[in-house]
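Shown next, in structure tokens, is the structure this report addresses.
The values are calculated or read from the model by the stated rules, or taken from the named source; none is laboratory data. Owing to the predicted nature of the structure, the values given are computational and were not obtained by experimental measurement. Note: ideal-geometry Cβ built from the backbone for every residue, glycine included; neighbour counts use all protein chains shown. For the accessible areas, the whole protein counts, side chains as well, though only heavy atoms, and no ligand, DNA or RNA atoms are used. Shrake-Rupley method; radii C 1.70, N 1.55, O 1.52, S 1.80 Å.
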Amino acid sequence: MQQDNDVELPSLEMGKGCVFTYDAVGSYEKVGYSAQGSGSTLIMPSLTISSRDTITPLSEPEAVDLVNTVFASATERDIYTGDKLEIMVFKADDIRTEVMELRKD
């Protein structure tokens with residue numbers, strides 16, 4: 001059985017990046033960053049170290065690169081983290097999806 005991991009990084013709220021995390025019963029909360037799933041214990045320390053205060057948030061390329069890096073690391077150590085990463089970037093005028101192969105075994 002394969003388990004999904006979710007990492008939420010900045011989305012748009014009032015023209016600024018923000019994160020909303022959710023749980024299995026549908027509750028949500030605005031947070032600085034979040035990870036859920038079997039690889040979350042591997043991902044969260046990297047997000048904690050890499051996070052910045054709200055005055056200097058990550059740029060879009062920095063956030064995408066960080067997600068790619070932490071998932072590549074988690075997939076090497078957690079057998080339940082999937083083989084592919086899909087990142088969706090939401091902007092006021094655009095929605096973009098990036099797909100990254102994580103492992104091929």
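For segment 69-83, filtering for residues that are of a type in the set (S, T, N, Q) and open to solvent by 20 Å² or more (accessible area, probe 1.4 Å) leaves 2. In segment 3-21, is there at least one residue being at pLDDT 80 or above and either open to solvent by less than 40 Å² (accessible area, probe 1.4 Å) or of a type outside the set (D, E) (or both)? Looking for residues that are at pLDDT 80 or above and either open to solvent by less than 40 Å² (accessible area, probe 1.4 Å) or of a type outside the set (D, E) (or both), one finds at least one in segment 3-21, hence yes. Residues satisfying the criterion are absent from segment 22-38 (criterion: exposed (fewer than 11 other Cβ atoms within 10 Å of the Cβ), at pLDDT 80 or above and in contact with a Leu (Cβ under 9 Å, 6 or more places away or on another chain)).
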